[in-house]
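To start, the structure itself, in structure tokens.
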């Protein structure tokens, strides 16, 4: 593999011995009370075969708001201004995949979400799922709920989240439910 191969350059960059900051945004429709999640497939670099909110590395010099807008567009094809973004929390995830992530979590209201989302990275994400915000009460309730798959197909695997993520999303969803119900 040549030294300038983009995959090798990215791997070298991510191999630096420091945490990498990730922006994660939970887009939700205040009218339907649904949030957009992605099923992370085999094509992602970490946290494979699980649900996640749109997320990605914050680029050097990029503001949080710009990173949120970029990731929302790159993954769901939704162009939205960040004025109504709400910051919720930050957490650290050091999984067995060799990466050290510091993940900032925001939410963003997106009216007409179901009609606007499109899987822009089908090589990474198998499906986009619209999940009722009230189903985040527990992982068992989330698994039992009838979620709407709007683009792609969920694999025949148990619904799961990366370690630490479900409790974070549960807190965010609870805050949103309290605000919009």
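Return a yes/no flag: does the stretch 105-113 have any residue that is modelled with pLDDT under 95 and either touching a strand residue (DSSP E or B) at 6+ places or on another chain (Cβ under 7 Å) or assigned to a strand (DSSP E or B) (or both).
No; the residues of the stretch 105-113 include none that is modelled with pLDDT under 95 and either touching a strand residue (DSSP E or B) at 6+ places or on another chain (Cβ under 7 Å) or assigned to a strand (DSSP E or B) (or both).
Can you go through 24, 51 and tell me which one is part of a strand (DSSP E or B), at pLDDT 90 or above, more than 22 Å from residue 153 (Cβ to Cβ) and touching a helix residue (DSSP H, G or I) at 6+ places or on another chain (Cβ under 9 Å)?
24 is the lone residue from the list that is part of a strand (DSSP E or B), at pLDDT 90 or above, more than 22 Å from residue 153 (Cβ to Cβ) and touching a helix residue (DSSP H, G or I) at 6+ places or on another chain (Cβ under 9 Å).
Please go through the stretch 148-159 and pick out each residue that is touching a residue at least 24 places away in the same chain (Cβ under 8 Å) and touching a helix residue (DSSP H, G or I) at 6+ places or on another chain (Cβ under 8 Å).
Correct list: 148, 150, 159.
Could you please let me know if residue 137 is without any contact (Cβ under 8 Å) to a residue 40 or more places away in the chain and surrounded by 19 or more Cβ atoms within 10 Å (Cβ to Cβ)?
Taking the combined requirement at face value, the residue does not satisfy it.
Suppose we filter 129, 168, 102 for residues that are assigned to a helix (DSSP H, G or I) and either more than 25 Å from residue 49 (Cβ to Cβ) or in contact (Cβ under 8 Å) with a residue 60 or more places away in the chain (or both); which single one remains?
After applying the criteria, what remains is 168.
Name the one entry in 59, 83 that is assigned to a helix (DSSP H, G or I), at pLDDT below 95 and farther than 25 Å from residue 148 by Cβ.
Of the residues listed, the single one that is assigned to a helix (DSSP H, G or I), at pLDDT below 95 and farther than 25 Å from residue 148 by Cβ is 83.
Can you name every residue in the stretch 77-105 that is closer than 26 Å to residue 153 by Cα and either in contact with a helix residue (DSSP H, G or I) (Cβ under 6 Å, 6 or more places away or on another chain) or surrounded by 15 or more Cβ atoms within 10 Å (Cβ to Cβ) (or both)?
Residues satisfying the conditions are 77, 78, 79, 80, 105.
Which of (1) free of Cβ contacts under 8 Å to residues at least 60 places away in the same chain; (2) under 16 Å from the mean Cα position of the chain (by Cα); (3) within 26 Å of residue 180 (Cα to Cα) does residue 107 not meet, given it meets every other one?
If we test residue 107 against (1) free of Cβ contacts under 8 Å to residues at least 60 places away in the same chain; (2) under 16 Å from the mean Cα position of the chain (by Cα); (3) within 26 Å of residue 180 (Cα to Cα), just (1) comes out false.
Taking only the stretch 152-162 into account, find how many residues are touching a strand residue (DSSP E or B) at 6+ places or on another chain (Cβ under 7 Å) and in a loop (DSSP other than H, G, I, E, B).
Residues meeting the conditions: 6.
The values are calculated or read from the model by the stated rules, or taken from the named source; none is laboratory data. Values in this document were obtained by computation on a predicted structure and should not be read as measured data. Heads up, the Cβs are rebuilt from the backbone with ideal geometry, glycines too, and the neighbour counts pull from every protein chain shown.
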